[in-house]
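Colleague: Structure provided below as structure tokens; questions to follow.
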Amino acid sequence: MAGEPQADCLFCKIVAGQIPATVVRETETTVAFRDINPQAPTHVLVIPKVHYPDAASLAAAEPGVAADILREAGQVALDEKIVEHGYRTVFNTGSGAGQTVFHAHAHVLGGRGLQWPPG
């Protein structure tokens, strides 16, 4: 069922505390933790505690939680001191766009120059 934890989801297991992560922030609705394969000096994932496969389905079902992710992404950037030089918030949707864990999440990237267009 949408929004419910999925037994085979890596991020649901992190939310449940079954898999360790280096958590940098946590709220009632979100968890932010360091990516295990960082693509920049700062690479933090911000995930909802509820399970939806991608950002669009989360925003359609629970727009308040989607807004919480964006707010927390901004707070992560402040905490990590990457605001002044700029940072990127990315939602990959679908395997063709690089999504490998099908639980909505934002990547917060910074600490180096980020060229445009990406990849």
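Colleague: For segment 18-27, name all the residues that are assigned to a loop (DSSP other than H, G, I, E, B) and either more than 19 Å from Thr100 (Cβ to Cβ) or open to solvent by 90 Å² or more (accessible area, probe 1.4 Å) (or both).
Modeller: Gln18, Pro20, Thr27
Colleague: Mind telling me which of the residues Asp35, Asp79, Asp54 ends up being under 17 Å from Thr22 (Cβ atoms), of a type in the set (Asp, Glu) and under 13 Å from the mean Cα position of the chain (by Cα)?
Modeller: None of the other options fit; the residue is Asp35.
Colleague: For segment 28-35, check the following and say yes or no: at least one residue is on the phi < 0 side of the Ramachandran plot, modelled with pLDDT of 95 or more, surrounded by fewer than 15 Cβ atoms within 10 Å (Cβ to Cβ) and assigned to a loop (DSSP other than H, G, I, E, B).
Modeller: yes
Colleague: Which members of segment 77-119 meet the condition of being closer than 20 Å to Cys12 by Cβ and either acidic (Asp, Glu) or in contact (Cβ under 8 Å) with a residue 40 or more places away in the chain (or both)?
Modeller: The answer is Gly94, Gln99, Val101, Phe102, His103, Ala104, His105, Ala106, His107.
Colleague: Being farther than 22 Å from Pro117 by Cα, loosely packed, with under 15 Cβ neighbours inside 10 Å, of a type in the set (Gly, Ala, Ser) and at pLDDT 95 or above: is that true of Ala61 here?
Modeller: When the stated conditions are applied, Ala61 passes them.
Colleague: For a quick check of your reading of the model, give me the residue pairs whose first member lies in segment 41-56 and is over 15 Å from Gly98 (Cα atoms) and assigned to a loop (DSSP other than H, G, I, E, B), whose second is open to solvent by less than 10 Å² (accessible area, probe 1.4 Å) and among the aliphatic types (A, V, I, L, M), with beta-carbon atoms closer than 6 Å and at least 6 apart or on different chains.
Modeller: Every condition considered, the pairs that remain are Tyr52/Leu58; Tyr52/Ala104.
Colleague: Would you check if Gly74 is farther than 26 Å from Lys13 by Cα, at pLDDT 95 or above and surrounded by fewer than 17 Cβ atoms within 10 Å (Cβ to Cβ)?
Modeller: In short, no.
Colleague: Got at least one residue in segment 39-46 being open to solvent by 70 Å² or more (accessible area, probe 1.4 Å), in contact with a helix residue (DSSP H, G or I) (Cβ under 6 Å, 6 or more places away or on another chain) and at pLDDT 95 or above?
Modeller: No, segment 39-46 contains no residue that is open to solvent by 70 Å² or more (accessible area, probe 1.4 Å), in contact with a helix residue (DSSP H, G or I) (Cβ under 6 Å, 6 or more places away or on another chain) and at pLDDT 95 or above.
The values are calculated or read from the model by the stated rules, or taken from the named source; none is laboratory data. Everything quoted here is computed from the prediction, not taken from an experiment. When we count neighbours, we look across all protein chains shown, and the Cβ atoms used for this are built from the backbone with ideal geometry, even at glycine. Surface accessibility is based on the protein's heavy atoms, side chains included, excluding ligands, DNA and RNA. Shrake-Rupley method; radii C 1.70, N 1.55, O 1.52, S 1.80 Å.
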